[in-house]
Amino acid sequence: MTTIGFIGSGHIGGTLARLAVDQGYDVVVSNSRGPETLVGLVDELGDRARAGTADEAATEGDLVVVSIPFGRYAQVPVDALAGKVVIDTNNYYPQRDGAFPAIDAHEATSAGLLQEHLPTSRVVKTFNQIRSTDLAEQGMPAGTPDRRALAVAGDDADAKAQVAALVNSFGFDVVDAGPLAEGWRYERDTPAYLDRLDVDELRAALAQAVR
C-alpha cells in the first residue's frame, strides 16, 4: 500500500492525512467543495499530497478513508471503491445528519449502512472515537506503557489486519471490537467514546456499552 485516499479532509480526515504523510504514504485528499479549496492543506502536506475529487481519491487510493458527515454517506463513490479497504471514521448525530429510523431503532448501524452502500468494499470502523487534536498529539511508539488504544470493527479479517497495522503506525494500540455490527460500542454516548483509554480500559468500556 502506497497511497491513501481521503473522502473528506476536515478535522479527522486532515489529521489522518498528516499522519499518513509522516509515515511515508502518498495521499489524495478531497472534500465536497472541490480540490481548489484544499490548496492550503496540500501545501502543508508537501510533495506526497495532492487534491482531487472524491472519485479520484477513491480510484487512486490503495486504501480509502471516509470522513464526512454520516448523513452524506450515500454520496460516497461505489464503483471506484470496489474490492478496496475503506476506513469509516463517521459518527451518527441526528441533529446534524437528520433522523435515520433504522439506527434509532437499533436495527442498523452507521457503519453497516455504509457497508450496504459499498457492497463489494471491505469497511472497517475506527478513528471515530477520538478527537482530532488527540489524534494529532497522543500517538506514542509501540510498547510505551499506557499507550492509548483505539477500537476497530469489521467483517473481513485481512482488512482489519491492514487497518490495525495503520493504527499502530500512527501511534495507537488496537483493540478488535469484533464484526462491523459491533461498531456502535464506541460511538457517541458510550464509555469508549473520546476518553483516553489503554487496551485493558478500552476492552472494559466496550463490554460496558449499552444501546
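The values are calculated or read from the model by the stated rules, or taken from the named source; none is laboratory data. Since the model is a prediction, treat every value here as computed from it, not as a measurement. So basically every Cβ, Gly included, is an ideal-geometry build from the backbone, and we count neighbours across all protein chains shown.
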Worksheet, complete the sentence: Here the residues within region 80-103 that are buried (at least 16 other Cβ atoms within 10 Å of the Cβ) and outside any loop (DSSP other than H, G, I, E, B) are Ala80, Leu81, Val85, Val86, Ile87, Asp88, Asp97, Ile103
Worksheet item: Out of the residues in region 2-19 that are within 14 Å of Asp62 (Cα to Cα) and surrounded by fewer than 24 Cβ atoms within 10 Å (Cβ to Cβ), which is modelled with the highest pLDDT?
Response: Thr3
Discussion item. Here is a check on your reading of the model: is Asp155 of a type outside the set (Val, Ile, Thr), more than 24 Å from Gly10 (Cβ to Cβ) and buried (at least 20 other Cβ atoms within 10 Å of the Cβ)?
Written reply: no
Response to the item:
Restricted to region 164-180 and to residues being in contact (Cβ under 8 Å) with a residue 40 or more places away in the chain and assigned to a helix (DSSP H, G or I), the residue surrounded by the most Cβ atoms within 10 Å (Cβ to Cβ) is Leu166
Response to the item:
Residues in region 131-143 that are over 17 Å from Ser67 (Cα atoms) and part of a helix (DSSP H, G or I) total 1
Worksheet, complete the sentence: Taking region 181-211 and the residues there that are over 15 Å from the mean Cα position of the chain (by Cα), in a loop (DSSP other than H, G, I, E, B) and surrounded by fewer than 17 Cβ atoms within 10 Å (Cβ to Cβ), the one that is modelled with the lowest pLDDT would be Arg211
Discussion item. Please go through region 20-40 and give me each residue that is crowded, with 20+ Cβ neighbours inside 10 Å and among the hydrophobic types (A, V, I, L, M, F, W, C), ordered by number.
Written reply: Ala20, Val27, Val28, Val29, Leu38
Response to the item:
Taking first residues from region 196-211 that are more than 15 Å from Thr126 (Cα to Cα) and second residues anywhere that are part of a helix (DSSP H, G or I), the pairs with Cβ under 8 Å that are 6 or more apart or on different chains are Ala205/Tyr186; Ala209/Trp184; Ala209/Arg185; Ala209/Tyr186; Arg211/Trp184
Discussion item. I want to confirm something. Restricting to region 144-163 and keeping residues that are assigned to a loop (DSSP other than H, G, I, E, B) and basic (Lys, Arg), which single residue is nearest to Glu107 (Cα to Cα)?
Written reply: Arg148
Item to complete: Please name all residue pairs, on different chains or six or more residues apart, with Cβ atoms under 6 Å, provided the first residue is in region 82-100 and is more than 15 Å from Gln162 (Cβ to Cβ) and the second residue is of a type outside the set (Ser, Thr, Tyr) and in a helix (DSSP H, G or I).
Response: Thr89/Ile12; Asn90/Phe70; Tyr92/Phe70; Tyr92/Ile103; Asp97/Phe70; Asp97/Gly71; Gly98/Gly71
Worksheet item: Considering region 61-81 alone, what residues qualify as being in contact (Cβ under 8 Å) with a residue 60 or more places away in the chain and touching a His at 6+ places or on another chain (Cβ under 7 Å)?
Response: Val76
Worksheet item: Can you pull out the residues in region 41-67 that are surrounded by 22 or more Cβ atoms within 10 Å (Cβ to Cβ) and farther than 14 Å from Ala17 by Cα?
Response: Ala54, Ala58
